[in-house]
Amino acid sequence: MNKLDILKEKAKKIVLSVSDNPQGRYQLRYDFYQKYGDPIIKGKEGLGNSELAFIKWEIRRGTLNPINDTTSGSSWWREVNSHFLYLATLAQLIKESGDIFDDLPVPVNFWLNYIDAPDECSWYRAHNSSIISGYQIADPLAFKENIYEQYFMNIVLYRLLYAQSMVEGVSFGVLGEIFANPRGAAVSIITDIEAFYPSHYPLSKEDIKYVMHHAHNFIGMIENIFDKILIVPHLDKLYKEAAKWNSSPIVIKYEKHNKPIYPITENILGATHFNEKLKTRQLDTPKNQ
């Protein structure tokens, strides 16, 4: 076994050791950012703030719980998170080994770039390429989720890419610039707003109204402005640019004609896509609810 294979196995074991421990998953990333967070204030996580806030939301929601727990977690959310942890952990191990390897996964190279030169741009490229890779790996598992959860996966992704666009120089306004700062408290604040990031898993009937942008109230109106006006009309451009920023061409397949279409496995197999399924399913009777 060569040095890289040894480091890959070590990274896998580290991630496996926290697989059924949501707080352990968080701690792994917290410890990483204590070393490589480029904090403005000593002892803070700096560039890891938004990621850590998102993991806290996943923990509150229960998606990272063990599958056999009394409140079972989600195979899809767990896999995306585990793959993300693996890529970042492998990069850390490689950096700390002092060795240089060719033909590393794209996200690992981005994490190495981030560690060497931490800033908002290098962080987004490392983080988002890892998330996109996680979506690709977990694509078959997405079909174990109900149709509304599948749609919510798309919302999470395009909001993340939208935030990156601010850093990459594609401006959609002041709101996006505030949301884009990975050091700031914006993600922590927005993940505490139930309409934007529901705390229930699986989604409740009330959550579905917001996920589908059918909530006719003030918060629903704000969410509609954020998603349907600021982001969705620009998905073609956003995903094409994101594929370049993150060296992740697969992401282009996750939208078509300004409509998000993840997951794609069923499409490849010739089945009807979930956007069409949504039209025939009642809003108040989600699957597995």
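Coordinate-derived values only; no laboratory data. For clarity, every value in this text was computed on a predicted model and none was experimentally measured. A quick note on method: Cβ atoms are made from the backbone with ideal geometry, for glycine too, and the neighbour counts reach across all protein chains shown.
Classified by the C-alpha gyration tensor, the range 5-47 has an oblate form. Its axis ratio a/c, with a ≥ b ≥ c, is 1.5 or above, and a/b does not exceed b/c. Only helical runs count toward this figure. For the chain, summing -39,500 (n - 2.57) over DSSP H runs of n ≥ 4 and dividing by all residues gives -17500 deg cm²/dmol at 222 nm. Of K13/K44; K144/K209; K44/K95, which pairs sit farther than 24 Å apart, going by alpha carbon to alpha carbon? K13/K44, as the Cα separations exceed 24 Å there.
Pairwise Cα distances in the range 38-156 exceed 18 Å in 57 percent of cases. Net charge in the neighbourhood of R61 (other residues with Cβ under 14 Å of its Cβ; Lys, Arg +1, Asp, Glu -1) is -3. Given the pairs K35/K56; K237/K259; K12/K56, which are separated by over 18 angstrom at their Cα positions? K35/K56; K12/K56, as the Cα separations exceed 18 Å there. Debye-formula intensities of the chain, expressed as log10 I(q)/I(0) at q = 0.07 Å⁻¹, are -0.25 (one equal scatterer per alpha-carbon, no solvent). Derived scalar couplings between HN and Hα for the range 100-108 equal 10, 10, 8, 6, 7, x, 3, x, 5 Hz in order, rounded to whole Hz, by the Karplus curve 6.51 cos²θ - 1.76 cosθ + 1.60 (θ = phi - 60°), x for Gly and Pro.
Amide H contacts for E255 (H built 1.01 Å from N in the peptide plane; partners 5 or more residues away or on another chain; cut-off under 5 Å): I261. Extending 7 Å from Cα along the Cβ direction at S247 and again at K35 yields two label points whose distance is 2.2 nm.
Note on V156 and M1: the extension gain reaches 52.0 nm, defined as 0.36 nm multiplied by sequence separation minus the Cα-Cα distance. The spread of Cα positions in the range 110-166, taken along each principal axis and listed from longest to shortest, comes to 40, 22, 9 Å. The alpha-carbon of K256 sits under 18 angstrom from the alpha-carbons of these aspartates and glutamates, leaving out residues fewer than 8 places away in its chain: D139, D227, D236, E241, E266, E276. Overall, the anisotropy analysis places the range 181-263 in the prolate class: the square-rooted eigenvalues a ≥ b ≥ c of its C-alpha gyration tensor yield a/c not less than 1.5, with a/b exceeding b/c.
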